[in-house]
Amino acid sequence: QVQLVESGGGLVQAGGSLRLSCVASGSILNINNMAWYRQAPEKQRDVVALITKSSITNYADSVKGRFTISRDNAKNTVYLQMNSLKPEDTATYYCNADILTTPTFRYREYWGQGTQVTVSS
């Protein structure tokens, strides 16, 4: 079994910062892409940022220049540093990863349970 556990969400004023973390644990052989998604009430879940195994990154236009995704492969952890937060960043943030596991020896997509980020104006 594999689990992704997020932490670091909370309430912050506009202009503030938060750092999200997501740790993958379980029968993990390898992790390829890791990503952060977010979903606001009554809206679809959208990708915020993605990072490859070799740390190539990609960002949604709405967060470029404000958010930074990074990872620590030794710790099976991905981070999202969020600066200059805006009320429109308010959402539940989900960690996502493509993970190769035993005993299947297949890559599968896993999701965390989500962490709430609320930005007040």
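Looking only at segment 101-121, which residues are open to solvent by less than 80 Å² (accessible area, probe 1.4 Å) and either modelled with pLDDT under 95 or within 10 Å of residue 2 (Cβ to Cβ) (or both)? Full working, then the answer.
As a first pass, look at segment 101-121 and keep what is open to solvent by less than 80 Å² (accessible area, probe 1.4 Å): 101-102, 110, 112, 114-115, 117-120.
Once the filter is applied, which keeps residues that are open to solvent by less than 80 Å² (accessible area, probe 1.4 Å) and either modelled with pLDDT under 95 or within 10 Å of residue 2 (Cβ to Cβ) (or both), segment 101-121 yields 101, 102, 110.
Answer yes or no as to whether residue 76 is out of contact with any Asp or Glu (no Cβ under 9 Å at 6 or more places or on another chain) and either closer than 20 Å to residue 111 by Cα or without any contact (Cβ under 8 Å) to a residue 40 or more places away in the chain (or both). Even if it seems obvious, please write down each step before you answer.
Details: out of contact with any Asp or Glu (no Cβ under 9 Å at 6 or more places or on another chain): yes; either closer than 20 Å to residue 111 by Cα or without any contact (Cβ under 8 Å) to a residue 40 or more places away in the chain (or both): yes.
Yes: the conditions hold for residue 76.
Would you check if residue 43 is part of a loop (DSSP other than H, G, I, E, B), farther than 25 Å from residue 118 by Cβ and charged (D, E, K, R)?
Working: part of a loop (DSSP other than H, G, I, E, B): yes; farther than 25 Å from residue 118 by Cβ: no; charged (D, E, K, R): yes.
No: the conditions fail for residue 43.
Select from segment 29-40 the residues that are under 18 Å from the mean Cα position of the chain (by Cα) and surrounded by fewer than 17 Cβ atoms within 10 Å (Cβ to Cβ) and list them in ascending order. Full working, then the answer.
We begin by selecting, within segment 29-40, every residue under 18 Å from the mean Cα position of the chain (by Cα); these are 30-40.
Once the filter is applied, which keeps residues that are under 18 Å from the mean Cα position of the chain (by Cα) and surrounded by fewer than 17 Cβ atoms within 10 Å (Cβ to Cβ), segment 29-40 yields 30, 32, 39, 40.
Say whether the condition of being surrounded by 13 or more Cβ atoms within 10 Å (Cβ to Cβ) and closer than 22 Å to residue 1 by Cα is met by at least one residue in segment 54-70.
No: segment 54-70 contains no residue that is surrounded by 13 or more Cβ atoms within 10 Å (Cβ to Cβ) and closer than 22 Å to residue 1 by Cα.
Restricting attention to segment 71-100, which residues are of a type in the set (D, E, K, R) and open to solvent by 40 Å² or more (accessible area, probe 1.4 Å)? Even if it seems obvious, please write down each step before you answer.
Of the residues in segment 71-100, the ones of a type in the set (D, E, K, R) are 71-72, 75, 86, 88-89, 98.
Listed by number, the residues that qualify are 72, 75, 86, 88, 98.
Out of 66, 45, I need the residue that is among the basic types (Lys, Arg), modelled with pLDDT of 95 or more and more than 21 Å from residue 17 (Cα to Cα). Which one?
Numbers: 66 fails: more than 21 Å from residue 17 (Cα to Cα).
The match here is 45.
With 12, 23 as the choices, which residue is surrounded by 16 or more Cβ atoms within 10 Å (Cβ to Cβ) and either under 21 Å from residue 110 (Cβ atoms) or at pLDDT below 95 (or both)? If you could, list the steps in order and put the result at the bottom.
Values: 12 fails: either under 21 Å from residue 110 (Cβ atoms) or at pLDDT below 95 (or both).
The unique qualifying residue is 23.
The values are calculated or read from the model by the stated rules, or taken from the named source; none is laboratory data. Every value quoted in this text rests on a predicted model; they were computed, and no experiment measured them. Note that we place each Cβ from the backbone using ideal geometry, even for glycine, and neighbour counts take in every protein chain shown. For accessibility, only protein heavy atoms count, side chains too; no ligands or nucleic acids. Shrake-Rupley method; radii C 1.70, N 1.55, O 1.52, S 1.80 Å.
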